[in-house]
Structures are given as C-alpha cells and as structure tokens.
Amino acid sequence: MHNKSSIRKFYRRSADLSGLPPGTLAQDELKTAAVGQTQLISVIEYNRDSVTEKKVSSFAGLSKSTSPNSVVWIDIDGISDTKVLEEAGKEFEIHPLTLEDILNNTQRPKCDEFDKYLFITLKMLSLSNGQVEGEQLSIVLSGNCVITFQEKPGGDVFNPVRERIRSGRGRIRQTGADYLAYALLDAIIDNYFIILEEIGDRIETLENAVTGSPGRETITQINAVKRELIFLRKSVWPLRELISTLERAENTRFTPVVRVYLRDLYDHAVQAIDSIETFREMSSGMLDIYLSRLSIRLNEIMKLLTIMSSIFIPLTFIAGVYGMNFEHMPELKWTYGYLMVWLLFLAIPAGLLIFFRRRKWL
C-alpha cells in the first residue's frame, strides 16, 4: 500500500484537480468504478430507553426524520459515489470544502470547526495478512447527530461501540452525541495499540534473527517494518494536536464531562506516539546491528583469506625457485635435498600459525 504507485496516484490526482474551483468533488480512478452503485447508509438512533437501527439508500429527509431528543449515528460504509456526498452536504449543510476533504483520502488528520458542525478526519488502521493498512475516516458532529464517512467498505473497528449502544452498557446511552464522537475516536486509537503490539512481536522476532544468523530476508523484513512505522507515525503523530484542539475550552461541541475523557484520549495518543518512536529507534538499531554483523563477517572472511595467502606466498616462492630449469643448483644433487624442502614446506606454515596465534590474529 505504501509504495511508489500510491505516490504517483497522489500526484496524478493533484494534477487532475489543478485549476478546479475549491470544493469540487472529483473521484480518483479507484472509486470511479463504483459510481452508480446503490450506497447503503446505516442509521442508529438511540436514547436512554430505546435503540432503533435501519439502513437507507439516501440522505434525503434524514435530518428531519430523527428525534431531537435522541442521538443519531449515520454511518456510510465506503465512499463510492460523489452524489451521496453532495446529498449529505445539502441535507446537513456541510460546507463543500469539508466534502472535498472527506473525498480526499490523502488528507492529514485534522479538526475544523464550522458554525453548525465540527469536522474531524483521521486514519483508521487495520491489519491485513500481517501488513498495516489504513483508510481515511471522517466524522461530522452536528447537534445530536454524528455522521461517519468511511473510505472503504467491508469492516471497521466500531463493533464494540455498536454493541455498547445496543446493550446499554456504560454511559453511552445516557450521554449526547459528543460522547459518541469520543467513543469512535477511542475505538480507533485503541486499535492502534493492537497493531503496535503486532509490530512489537515482529520486531522481537527480528531482534532474535539479527543477533543469531541473519539472512538476506532479514534486511527485507527490517525495511518493511521501518516503512510501516513511518506510515504509522504519519497517521498518529497529528492526533496529539487534533485531540488537544478538541479539549480546548473554546470548543463548545464537547461538554466539560466529555472533555475529561478527551484528556484520557490525549494520553493514549501520546502513548501510541511514544511506542512508535521507540519501535523506530529499535528498527534503526537492528539495521545497524545487521550491517555491523555483515561487516564483521566480511572482515573475518578477509582475515582468513589473508592468513591463507600469507602461508602460501613463501611456499609458492620456494616452489618457484626449485622449479627453475638451471643445471647448476647444488641442492638438486644432495641426497636429502628433496626431504629438506618438504620439511621447509611444513615448517614455514607451522611457524606462521604459531606467530599468528601469539599475536591473537587467530
């Protein structure tokens, strides 16, 4: 997911939007194929006493069909048609720039406050086949209504929140829409720790491999972990500023009761950021250890080859001298000449080995 093709798509999309008026909704090539499909919208309306759930295919009339004494959660699972966004914008008076940010899946996590609603966008992360994947989630808090726009269909991390609403556990049914928005943010950040735990296990396995007998696949795995940590840092780091903005006193969208929970959420975000930074340092350390072990191994090989060369150079010299075709060489006619040469051949490497061992080169 985090590769050169995604970068090229980002710049191609930016080039396609160049010159268009602000707030223009334009889909990229990944979403165009889904245009025209019927988009189902999940609606959960609840209060202290009851919960109702339904699915609709249009935003039309939703703002008037809900009770002002209930909290309404409208969830669109996958943004497949700009017409649905335009319809949501008309029904709930969402600014075109906000709709453009919802559609732009490369948006940096942020929080914008408008006259009639609060807009929050961040990354919802998940694990797929051991790899970290992310999708953009946008939240619009307007009065007693919370609208969530999920970039991709097919699952999210909000099932615990839904179960708490249905069962009435906790205080979610006794509070307002601001607490629901907090609960959704809390579910996303809690899921970050599940992903970080998985990455921590992978780093521990890689540490054992690096300190043992690392192979070529080890460096590939280390680089893959480093790329995922960079993506995580980019997704999680802005949350500290986002949550800090939400808990400020001038923000009237959240009651003082919920701001207490936002402070706890801020602590969780900081803890996640600290974990990411720690893992990044560990992965960089593992890369240094791998390169150091590779260098040590290369030096050991070169030392062995140097020692072997040092032993065979004098032997080669002697063999070369007695391999010359000269007639007058006294040693050639000596009875024990051949034996003495072999003794010299054995004495030279033995002496060199003793010398190398005394110098602790072996």
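Throughout, read-outs are computed from the coordinates displayed, never taken from laboratory work. Quantities reported herein were computed from a predicted structural model and do not represent experimental measurements. Backbone-built Cβ (ideal geometry, glycine too); neighbour counts: all protein chains shown.
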The chain: angle of helix 216-236 to the longest principal axis, Cα-based, in degrees nearest 10: 30
Overall form of the range 298-358 per C-alpha gyration tensor (a/c, 1.5; a/b vs b/c): oblate
Which label in [x] 1.01; [y] 1.10; [z] 1.66 gives the computed Cα Rg over 2.2 N^0.38 Å: [z]
For the chain, size of Cβ-based charge dipole, Lys and Arg +1, Asp and Glu -1, in debye: 1140
Principal-axis tilt of helix 337-358 within the chain, Cα atoms, nearest 10 degrees: 40
Mean-position separation - Cα centroids, the range 58-79 and the range 262-286, in angstrom: 36
Sorted by Cβ density within 10 Å, fewest first, the residues Met324, Met124, Met308: Met324, Met308, Met124
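Could you please rank Tyr266, Tyr182, placing first whichever residue has the fewest other Cβ atoms within 10 Å of its Cβ?
On the way: Tyr266 18, Tyr182 23.
Fewest to most other Cβ atoms nearby, the residues stand as Tyr266, Tyr182.
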Simple spin-label estimate for Asp49 and Val257 in nanometres, 7 Å along Cα-Cβ: 1.9
Acute angle (nearest 10 degrees) that the helix 4-17 long axis makes with the longest principal axis of the chain, alpha-carbon atoms: 40
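For the range 231-357, with only Lys/Arg (+1) and Asp/Glu (-1) charged at the beta-carbon, what is the dipole magnitude about the Cα centre, in debye rounded to 20?
Details: 13 positive and 12 negative charges, 34 e Å.
The calculated dipole for the range 231-357 is roughly 160 debye.
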Gyration tensor verdict on the range 187-269 (Cα atoms; rounded if a/c is under 1.5, prolate if a/b is larger than b/c, oblate otherwise): prolate
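What length, rounded to one decimal in nm, is gained on full extension from Thr316 through to Arg248, with 0.36 nm per residue of separation minus their alpha-carbon distance?
16.2 nm
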Label-point separation in nm, Thr220 to Glu163, each point 7 Å along Cα→Cβ: 3.8
